[in-house]
């Protein structure tokens with residue numbers, strides 16, 4: 001019996017089922033645009049992690065108010081104009097069976 005027998009078993013968090021227990025923690029990679037918009041490079045980065053088998057992808061630090069921006073290239077979640085890009089990001093992660101969180 002392996003010490004890691006539960007690693008590849010699904011996990012339920014509230015109403016969300018995650019395909020396995022491998023989690024990518026939030027790490028700031030700063031691939032967003034100057035106003036926090038989701039860029040293609042950001043999508044490619046997170047999509048690769050989902051394709052690699054991670055069950056839960058926690059997207060990096062994001063600011064909810066422009067005054068709270070930590071670094072250039074940080075993801076913004078402060079304006080409805082950013083929602084389409086965030087939706088594309090979530091879709092890219094989910095396309096490979098992973099769960100997206102921010």
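The values are calculated or read from the model by the stated rules, or taken from the named source; none is laboratory data. Computed from a prediction, not measured in an experiment: that's the story for all the values here. With ideal geometry, Cβ positions are generated from the backbone for all residues, glycine too; neighbour counts draw on all protein chains shown.
Here are the numbers:
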{"quantity": "In region 1-26, the residues that are part of a strand (DSSP E or B) and exposed (fewer than 15 other Cβ atoms within 10 Å of the Cβ)", "calculated": "12, 13, 16, 17"}
{"quantity": "Tally, over region 54-64, of residues that are over 18 Å from residue 91 (Cβ atoms) and in contact (Cβ under 8 Å) with a residue 24 or more places away in the chain", "calculated": "2"}
{"quantity": "When residues of region 65-102 are limited to those that are free of Cβ contacts under 8 Å to residues at least 40 places away in the same chain and touching a strand residue (DSSP E or B) at 6+ places or on another chain (Cβ under 8 Å), the one surrounded by the fewest Cβ atoms within 10 Å (Cβ to Cβ)", "calculated": "66"}
{"quantity": "Test for residue 86: is it at pLDDT 95 or above and over 13 Å from the mean Cα position of the chain (by Cα)", "calculated": "no"}
{"quantity": "Qualifying residue in region 27-43 (condition: in contact (Cβ under 8 Å) with a residue 60 or more places away in the chain and either within 10 Å of the chain's Cα centre (by Cα) or surrounded by 14 or more Cβ atoms within 10 Å (Cβ to Cβ) (or both))", "calculated": "no"}
{"quantity": "Pick from region 69-83, criterion over 27 Å from residue 22 (Cα atoms) and assigned to a helix (DSSP H, G or I), ranking: nearest to the chain's Cα centre (by Cα)", "calculated": "82"}
{"quantity": "Residue match in region 17-31 (condition: modelled with pLDDT of 95 or more, touching a helix residue (DSSP H, G or I) at 6+ places or on another chain (Cβ under 6 Å) and closer than 15 Å to residue 90 by Cα)", "calculated": "yes"}
